[in-house]
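What follows is one structure encoded as structure tokens, with my remarks underneath.
The values are calculated or read from the model by the stated rules, or taken from the named source; none is laboratory data. Note that the structure is a prediction, hence the values are computed from the model and not measured. Glycine also receives a Cβ, built like all others from the backbone with ideal geometry; neighbour counts cover every protein chain displayed.
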Amino acid sequence: MTSQALGRSDLKGTIAELPKLINLTGLSLAELTEVLIELGLPKFRAKQVWSWIWRHGVTDFQDMNNIAKPIRELLAKHFIITRPAISRRQQSSDGTIKWLIRLADGQEAETVYIPEDDRGTVCISSQVGCTLTCSFCHTGTQRLVRNLTVDELCGQILLVMDELGDWPAGNPTRRLTNVVLMGMGEPLFNYEYVAQAMKIVMSGDGIGISKRRITLSTSGIVPEIARCGEELGVNLAISLHAVSDTLRNELVPINKKYNLELLLDTVRNYPGLSNARRVTWEYVMLDGINDSPEDAKALIKLINGIPSKINLIPFNPWPGSIYQTSKPEKIEAFASIVLRAGYASPVRTPRGSDILAACGQLKSDSVRLRARERV
Ligand code: SAH
Ligand code: SF4
């Protein structure tokens, strides 16, 4: 069909049918080797390309100067190396940076970089929106949901490294050192892609972020927790937030499916837990809801025997939220009970709250806009 013969609707169909170029940032070294072999290239080419992508952050095949020009052109015909597009970038007064990223299908998600004295952490999203509806979480109010793909998961880390000038990967002055899966979405509902992406990120001959520097936060998807421990061995954070089933059913509704007893049993058996490798219990402080001294004591009882850290998160309000943040004295009293019982209990200082980048405030602006348009 010539271009002249194409009507508008034909054109739409044609564009949709065009084969998409594979984004190499979603492939493991083994997969990359396979696709290059299919093109008739020897194995060592895959190693070279891998190193350009993951050690040097190269996005243009023409920059791969140890690969002959005709091969670079062949690669460019079949593949791309891209990051998600950036819809918006905001920087908080505390140095936190939040990106609203735009994915190839126009959906949006958020990525946050949090600089600290001894580390730099990227908080990545695992889904657009979330199918769960925790009553205190902004993301949970978003209706559109899909899993992020492997290249979209890895791409969030790559774009932060680009921004920070962290290439070549692994240099001692690198600013990005840690990854937390604590952005939008429930990572264990996207386990396959999250696992593939984390294996790429952990690869020693790539950006080499060790499993000890990766933390996955889950609302408690019991069947996938054990898998995550066995296959990935990353640090585990559990969004607990309540010490009774009645309250947790309300705050974290997945509790109706996987209750506290099941959750606690599963965490107790998480592979590799030790005093040097503790599970983090995230506990959002909601005024008058879950912040009493009795709650603190019940919490200690509940996690008894499990190597644990407790992370108290002052509730971050968002437009339309029905909760208030616990009073500072309440948080302090809660923290000291927990501390006296021998648990480290840092209170998570809200970061980037002036740009709605703090925990649970993430929600893409396009959706917010649509919600505003609806009223
Ligand atoms: N879905 C996963 C990971 C993303 S949420 C999970 O729920 O664990 C990351 C953390 O932020 C979770 O502990 C979540 O409960 C918490 N959170 C959500 N909304 C919050 C809010 N408004 N204020 C403080 N923490 C919140
Ligand atoms: Fe989803 Fe986590 Fe928010 Fe719950 S707290 S709605 S699981 S993102």
Being within 12 Å of ligand 1 (Cβ to nearest atom), closer than 21 Å to residue 314 by Cβ and not in a helix (DSSP H, G or I) is the requirement here; does residue 284 meet it?
yes
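Table: residues versus (1) aromatic (Phe, Trp, Tyr); (2) farther than 16 Å from residue 151 by Cβ; (3) outside the structural domain of residue 149 (by TED's automatic domain parsing).
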position: 44; (1), (2), (3): yes, yes, yes
position: 49; (1), (2), (3): no, no, yes
position: 55; (1), (2), (3): no, yes, yes
position: 73; (1), (2), (3): no, yes, yes
position: 121; (1), (2), (3): no, yes, no
position: 127; (1), (2), (3): no, no, no
Looking only at the stretch 220-243, filter to residues that are among the acidic types (Asp, Glu) and surrounded by fewer than 18 Cβ atoms within 10 Å (Cβ to Cβ); which one of those is nearest to the chain's Cα centre (by Cα)?
231
Within the stretch 112-126, the residues that are part of a strand (DSSP E or B) and of a type in the set (S, T, N, Q) are 121
In the stretch 220-253, what count of residues is obtained for those that are within 12 Å of ligand 1 (Cβ to nearest atom), without any contact (Cβ under 8 Å) to a residue 60 or more places away in the chain and among the small types (Gly, Ala, Ser)?
2
Taking the stretch 63-92 as the region of interest, how many residues are aliphatic (A, V, I, L, M), within 24 Å of residue 157 (Cα to Cα) and out of contact with any strand residue (DSSP E or B) (no Cβ under 9 Å at 6 or more places or on another chain)?
3
For the condition in contact with a Gly (Cβ under 8 Å, 6 or more places away or on another chain) and either of a type in the set (Phe, Trp, Tyr) or more than 16 Å from ligand 1 (Cβ to nearest atom) (or both), what is the one hit in 82, 141, 96, 133?
82
Tell me, which residue of the stretch 126-151 that is closer than 25 Å to residue 26 by Cα, near ligand 2 (Cβ under 9 Å from one of its atoms) and free of Cβ contacts under 8 Å to residues at least 60 places away in the same chain is surrounded by the fewest Cβ atoms within 10 Å (Cβ to Cβ)?
131
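Here's the yes/no breakdown for (1) modelled with pLDDT under 95; (2) of a type in the set (Val, Ile, Thr); (3) closer than 22 Å to residue 316 by Cβ:
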| residue | (1), (2), (3) |
| --- | --- |
| 104 | yes, no, no |
| 127 | no, no, yes |
| 137 | yes, no, yes |
| 145 | yes, yes, yes |
| 170 | yes, no, no |
| 176 | no, no, no |
| 188 | no, no, no |
Whichever residue in the stretch 1-54 is charged (D, E, K, R) and at pLDDT 50 or above and, among such residues, is surrounded by the most Cβ atoms within 10 Å (Cβ to Cβ):
45
From the list 217, 210, which one is under 29 Å from residue 174 (Cβ atoms), within 22 Å of the chain's Cα centre (by Cα) and more than 11 Å from ligand 1 (Cβ to nearest atom)?
210
Run down 288, 320 and say which single residue is modelled with pLDDT under 95, on the phi > 0 side of the Ramachandran plot and either over 25 Å from the mean Cα position of the chain (by Cα) or surrounded by fewer than 22 Cβ atoms within 10 Å (Cβ to Cβ) (or both).
320
